[in-house]
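Below: one structure, written as structure tokens.
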Amino acid sequence: MSRVSRPLKLLFFVLLVRPLVLIVLGLNIVNRNKLPTQGPAIIAANHNSHLDTMVLMSLMPLRVLHKVRPVAAADYFLKNRWRAWFSLNAIGIIPLARRGRMDRETLFEGCRSALANGDILILFPEGSRGKAEQMQPLKRGLFHLASAEPDVPVIPVVMHGLGRALPKGDPILVPFNCDVAIGDPLPLSEDGKEFITAVEEAFQRQLNECLTWGNTGA
């Protein structure tokens, strides 16, 4: 990150995001100690809300916050120059092209460069936000990136309740109790289908640890 964006990112999360998350949302965090505190590492999480990235980043130690890089859709976050500037400088996204044909090496070039720099990536293997509190089929992008970086740990994280607190397409934040459950690093498989199945099974195990899941049964 640039010399300007590091303090901007810190101020944004200290003054706005962290107070908002801690005051408005009732967070139950399971196994917080399993979050990576240094990179390179990949956090693989489910995706229901724009809050997902903000909540995950707010849980990271401030000393490594500048190294936490969400992988985000270029067509959305770089849609105009103001959104692009804020996304790149205040949040530190790694833009990923979802449209057009591109070989894997080029597609994940930004991700691999960030990992080589010792960054912690946040990646959503579902690809985009789905319906509130409903898991979508996982794409194989996570497998391809993990296969290219076999020494980088992949930590599964499940969030539940954030899809109700800020659903897709809704600009109003509603206070809800929410869960964040962190799992153990996943072993890498040579078979893509087997690896994705292991991620899905890890997500399900962590979902069962969420209080809001147990209360709603959904």
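The values are calculated or read from the model by the stated rules, or taken from the named source; none is laboratory data. All figures in this text were calculated on a predicted structure; none of them were measured in a lab. As a convention, Cβ positions derive from the backbone with ideal geometry for all residues, glycine included, and neighbour counts pool all protein chains shown.
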Legend entry - Single unsatisfied condition, Ala84 versus (1) over 29 Å from Ile196 (Cβ atoms); (2) buried (at least 19 other Cβ atoms within 10 Å of the Cβ): (2)
Inset, instruction - Quick one: Gln38 ticks every box in (1) within 16 Å of Leu121 (Cβ to Cβ); (2) crowded, with 16+ Cβ neighbours inside 10 Å except a single one, so which number is it? - result: (2)
Inset, instruction - Would you be able to say whether some residue in region 128-144 is modelled with pLDDT of 90 or more, in contact with a strand residue (DSSP E or B) (Cβ under 8 Å, 6 or more places away or on another chain), under 25 Å from Lys67 (Cα atoms) and part of a strand (DSSP E or B)? - result: no
Legend entry - Members of region 173-218 found to be at pLDDT 85 or above and hydroxyl-bearing (Ser, Thr, Tyr), listed by number: Ser189, Thr197
Inset, instruction - Could you grab the pairs with beta carbons closer than 7 Å, sequence gap of 6+ or different chains, first residue in region 189-201 and part of a helix (DSSP H, G or I), second one among the hydroxyl-bearing types (Ser, Thr, Tyr)? - result: Phe195/Ser189; Ala198/Ser189
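Take the conditions under 16 Å from Leu27 (Cβ atoms) and of a type in the set (Asp, Glu) and apply them to Asp52. Does it pass?
For Asp52, the condition - under 16 Å from Leu27 (Cβ atoms) and of a type in the set (Asp, Glu) - is met.
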Legend entry - Cross-chain or 6+ apart pairs with Cβ under 6 Å, region 12-23 first and within 12 Å of Leu51 (Cα to Cα), then assigned to a helix (DSSP H, G or I) and small (Gly, Ala, Ser): Val17/Ser58; Arg18/Ser58; Val21/Ser58
Legend entry - Given (1) surrounded by 22 or more Cβ atoms within 10 Å (Cβ to Cβ); (2) closer than 15 Å to Ser5 by Cβ; (3) out of contact with any Phe, Trp or Tyr (no Cβ under 8 Å at 6 or more places or on another chain), number of the condition Ile43 does not satisfy: (2)
Inset, instruction - Please go through region 81-110 and pick out each residue that is farther than 21 Å from Val55 by Cα, assigned to a loop (DSSP other than H, G, I, E, B) and either aliphatic (A, V, I, L, M) or modelled with pLDDT of 90 or more (or both). - result: Ala97, Met102, Phe108
Inset, instruction - Those residues that are in a helix (DSSP H, G or I), at pLDDT 85 or above and either touching a strand residue (DSSP E or B) at 6+ places or on another chain (Cβ under 9 Å) or over 16 Å from Arg69 (Cα atoms) (or both), I need them from region 12-49; list them, please. - result: Val14, Leu15, Leu16, Arg18, Pro19, Arg32, Asn33, Lys34
Inset, instruction - For Asp52, indicate whether it is more than 15 Å from the chain's Cα centre (by Cα), part of a helix (DSSP H, G or I) and closer than 26 Å to Arg140 by Cα. - result: no
Inset, instruction - Name, by its number, the condition in (1) farther than 21 Å from Leu11 by Cα; (2) touching a residue at least 12 places away in the same chain (Cβ under 8 Å) that does not hold for Lys67. - result: (1)
